[in-house]
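Down below is the structure, laid out as structure tokens.
The values are calculated or read from the model by the stated rules, or taken from the named source; none is laboratory data. A quick note: this is a predicted structure, and the numbers were derived from the prediction, not measured. In this analysis, Cβ positions are derived from the backbone assuming ideal geometry, glycine residues included, and neighbour counts consider all displayed protein chains.
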């Protein structure tokens, strides 16, 4: 039941309620603005860390921005790429799918990233069991057999990608180098570039990424940014 004030003086009551609503809104606005500012600051900090190749710290900042707002598309986009750059295919795929569900102008990019990661995840799952349960000599024989076959480069690339996911860097590099030699259109230079970024081998990373600069690839802009960051880090013009 409304107080008598509102019953007998309806106009005054409505004005009072409106004033209260505005006051509440004005109190709430600074906290909303502060939250948006905090997310923007976290994104800028994450981007700075990403540009210095500290991807794990960048991911931490992007995640904090997402904690403020799970629908922050800029944070979703950046964290999806950052996870790819540290070789965490599963998490990159999760974030790409989350971004795709939000339906934005970045939808083609999220879809392409999700497809790329999904293909990588399939490759790793297909090859992992055979690699784990067979002696290395069997895998070497498999690579030799595939060397001259039409799909050989793709299968050797799959082995390299799986070794990378397993943390067997030397074996991964050998397979990826072989795949790149067999097929110049392979994605092996991109993976090798990311691996060498992780290892701090920046000049070698730049050389590999430059080999992957296909203008029609959705990753082309990202690869160019990585190359520019390496040049700045190395003091190149």
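Details
- Scanning segment 75-108 for residues that are out of contact with any helix residue (DSSP H, G or I) (no Cβ under 7 Å at 6 or more places or on another chain) and in a helix (DSSP H, G or I) yields a total of 3.
- Inter-residue pairs, beta-carbon under 6 Å, first surrounded by fewer than 22 Cβ atoms within 10 Å (Cβ to Cβ) and in segment 83-98, second at pLDDT 90 or above and assigned to a loop (DSSP other than H, G, I, E, B), 6+ apart: none
- For segment 27-63, filtered to residues that are over 23 Å from residue 94 (Cα atoms) and at pLDDT 85 or above, the residue that is farthest from the chain's Cα centre (by Cα) is 38.
- Condition check for residue 126: assigned to a helix (DSSP H, G or I), modelled with pLDDT under 90, farther than 30 Å from residue 65 by Cα and in contact with a helix residue (DSSP H, G or I) (Cβ under 8 Å, 6 or more places away or on another chain): yes
- Output for segment 129-148, where each listed residue is touching a helix residue (DSSP H, G or I) at 6+ places or on another chain (Cβ under 8 Å) and either on the phi > 0 side of the Ramachandran plot or not in a helix (DSSP H, G or I) (or both): 147
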